[in-house]
1. Does His147 count as out of contact with any Asp or Glu (no Cβ under 8 Å at 6 or more places or on another chain), under 24 Å from Val93 (Cα atoms) and either modelled with pLDDT of 50 or more or not β-branched (Val, Ile, Thr) (or both)?
2. How many of the residues in the range 36-73 are under 24 Å from the mean Cα position of the chain (by Cα), part of a loop (DSSP other than H, G, I, E, B) and polar (S, T, N, Q)?
3. Somewhere in the range 99-110, is a residue more than 19 Å from Val5 (Cα to Cα) and among the β-branched types (Val, Ile, Thr)?
4. Can you name the condition, by its number, that Gln13 falls short on among (1) more than 20 Å from the chain's Cα centre (by Cα); (2) within 20 Å of Val141 (Cβ to Cβ); (3) assigned to a loop (DSSP other than H, G, I, E, B)?
5. Any idea which of (1) more than 24 Å from the chain's Cα centre (by Cα); (2) part of a helix (DSSP H, G or I); (3) closer than 25 Å to Pro142 by Cβ is the one Ala26 doesn't satisfy?
6. Which of the following residues is of a type in the set (Lys, Arg) and more than 19 Å from Val141 (Cβ to Cβ): Arg101, Arg70?
7. Is it the case that Glu45 is among the charged types (D, E, K, R) and under 19 Å from Asn112 (Cβ atoms)?
8. Could you identify the single residue in Ala96, Ala75 that is of a type in the set (Gly, Ala, Ser) and within 25 Å of Leu160 (Cβ to Cβ)?
Amino acid sequence: MLLLVGLGNPGSQYSANRHNVGFMAADAIHRRHGFTPWRRKFQAEISEAVLDGEKCLLLKPQTYMNESGRSVSEAMRFYKLGPDDVLVIHDEVDLAPGKIRMKAGGGAAGHNGLRSIARSISNDFRRLRIGVGHPGVKEAVPHYVLHDFAKVEQAWLEPLIDAIADNAPLLAEGKDQTFANRIHEQLGDGKPAKKPTGPEAAAVSAPKTGAATTSPNDTPDQGPLARGLKKLFGRSE
């Protein structure tokens with residue numbers, strides 16, 4: 001069984017915050033895969049479904065971010081799960097906006113929700129890290145994550161959330177790297193195509209204005225250079 005936890009803060013005033021991207025992903029998965037209606041249990045909103053043959057409990061703690069571990073640990077005890085059965089979806093300021101990374105174990109990197117969960121169940125749980133970007137200075141992070149995504153950010157946010165929902169069954173199967181690869185393939189890596197260099201560049205470069213070109217029908221002694229030499233020395237063709 002997979003305990004799939006989306007992190008965020010309860011309340012409509014927080015619903016569009018960068019800190020609530022875990023809730024956004026959980027809601028999208030819920031809509032996409034026929035989960036049961038949300039109900040209250042374990043100090044959370046929970047819902048159940050079977051993803052690609054694996055039972056999945058979707059959980060959104062309602063304790064506020066810095067107490068998320070209370071909710072997660074209650075659900076774990078009830079279902080007799082271990083930390084490796086838990087996957088947490090959360091915002092990550094140390095990743096560029098729109099990037100995702102899968103990770104198992106590790107520290108909290110200043111994230112209060114992760115810190116609370118680690119304190120309650122250990123660090124050995126899986127994470128889906130969703131990049132929201134960094135404000136530039138550490139002191140500005142709390143203000144930054146507790147504010148809504150800018151309108152321009154919807155251009156990457158909405159496709160990313162949809163892609164996470166599309167590929168959620170891979171998380172239930174434990175195929176974290178395959179999941180990450182599918183997200184990258186579906187959205188593209190956002191990098192411009194590299195320009196060819198060296199001989200490859202010469203092969204594909206367009207000729208410069210005024211440069212001599214060769215027709216496919218020219219033979220070695222009938223090309224433009226040969227014709228020019230003949231004209232210069234008065235030889236007829």
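1. Taking the combined requirement at face value, the residue satisfies it.
2. The total comes to 0.
3. No: the range 99-110 contains no residue that is more than 19 Å from Val5 (Cα to Cα) and among the β-branched types (Val, Ile, Thr).
4. (3)
5. With respect to (1) more than 24 Å from the chain's Cα centre (by Cα); (2) part of a helix (DSSP H, G or I); (3) closer than 25 Å to Pro142 by Cβ, Ala26 is out only on (1).
6. Values: Arg101 fails: more than 19 Å from Val141 (Cβ to Cβ).
Residue meeting the stated conditions: Arg70.
7. no
8. Ala96
The values are calculated or read from the model by the stated rules, or taken from the named source; none is laboratory data. It should be emphasised that the depicted structure is a prediction, and the values quoted were computed from it without experimental measurement. In this analysis, Cβ positions are derived from the backbone assuming ideal geometry, glycine residues included, and neighbour counts consider all displayed protein chains.
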